[in-house]
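*Asks:* The structure that follows is given in the form of structure tokens.
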Amino acid sequence: MAGVERVTPYGLKEVADVRFYPVGTTVTIVTTGTDFATIVSAATDPKFIFDTLKVSNIEVSSEDTSATGGKGNPELISWSYGKEITFTMEDAVFSLATLDLMFGAHAEGTNGVDDDTNTSIIVDANTFPSNYHVVGFTYIRNKDTGADAPFVFEIPNAKVQVGGTLTMEADGDPTTFEMTLKALKSKDESLVKFHRIGTGSSTTHNSNNVAG
């Protein structure tokens, strides 16, 4: 139709690789073809890297209230409020650091949780995980060309929700490890950001403006 701009259709399927950075990190995302690289301010390494995920879901919801009246009491006016964004990850494997994060625990051991020395993960009543700048990397596929394009999402201020289940049984599938995060508002009002990045280009974003 004349005057109607055609929107490029994409499909989304692939699970994301996810990295957790400290809140306040400036992240530059660089692509070469469909390969990702990241450069972060002050040579900050990610606190956690998840590249064995089975599921990476972003869910957006809100609440509604309506004024009703008249015969049959139909809805006359509706208001939306309370937008909430949750990010859920399901991992095929785990590390002791993952348990530390899932359960709001702390590690006791000689060299932390990243080697084969004796380590204990202690879950107490007073320890909770930090907030993180979450960056996820995946691909979207152009319906017309079949070509994949880099697709990135960011949650600048994500709060880890403590919880999880460790399933141990004699038969059945291996247990997976699920983690849920809630997006908190930044000063620029953003909860989550989505980026389609052109081949050979880059984009820079930061979470220095998260609400304190």
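The values are calculated or read from the model by the stated rules, or taken from the named source; none is laboratory data. Here the structure is a predicted model, which is why all the values come from computation and not from measurement. Here the Cβ is made from the backbone with ideal geometry for all residues, glycine too, and neighbour counts use every protein chain on show.
*Asks:* Given Val162, Val192, which one is modelled with pLDDT of 90 or more, surrounded by 13 or more Cβ atoms within 10 Å (Cβ to Cβ) and under 10 Å from the mean Cα position of the chain (by Cα)?
*Replies:* Just one listed residue meets the conditions, Val192.
*Asks:* When you scan region 168-187, do you find a residue that is surrounded by 11 or more Cβ atoms within 10 Å (Cβ to Cβ), modelled with pLDDT under 90, in contact with a strand residue (DSSP E or B) (Cβ under 7 Å, 6 or more places away or on another chain) and not in a loop (DSSP other than H, G, I, E, B), even just one?
*Replies:* Checked against the condition, which is being surrounded by 11 or more Cβ atoms within 10 Å (Cβ to Cβ), modelled with pLDDT under 90, in contact with a strand residue (DSSP E or B) (Cβ under 7 Å, 6 or more places away or on another chain) and not in a loop (DSSP other than H, G, I, E, B), region 168-187 yields at least one hit.
*Asks:* Would it be correct to say that Ile121 is touching a helix residue (DSSP H, G or I) at 6+ places or on another chain (Cβ under 6 Å) and either more than 22 Å from Ile49 (Cβ to Cβ) or assigned to a strand (DSSP E or B) (or both)?
*Replies:* yes
*Asks:* Can you list residue pairs whose Cβ atoms sit under 7 Å apart, with the first residue in region 72-84 being surrounded by 10 or more Cβ atoms within 10 Å (Cβ to Cβ) and the second being in a loop (DSSP other than H, G, I, E, B)? Count only pairs 6 or more apart in sequence or on different chains.
*Replies:* From residues that are surrounded by 10 or more Cβ atoms within 10 Å (Cβ to Cβ), the pairs are Leu76/Gly69.
*Asks:* Starting from region 129-147, keep only residues that are within 15 Å of Val7 (Cβ to Cβ), then list their pairs with residues that are at pLDDT 90 or above and in a loop (DSSP other than H, G, I, E, B) whose Cβ atoms are within a distance under 7 Å, requiring at least 6 positions of separation or different chains.
*Replies:* Close Cβ pairs (under 7 Å, with a partner that is at pLDDT 90 or above and in a loop (DSSP other than H, G, I, E, B)) amount to Lys143/Pro9.
*Asks:* Give me the residue from region 135-159 that is charged (D, E, K, R) and more than 16 Å from Ala183 (Cα to Cα) and, out of that set, modelled with the lowest pLDDT.
*Replies:* Restricting to residues being charged (D, E, K, R) and more than 16 Å from Ala183 (Cα to Cα), the top hit is Asp148.
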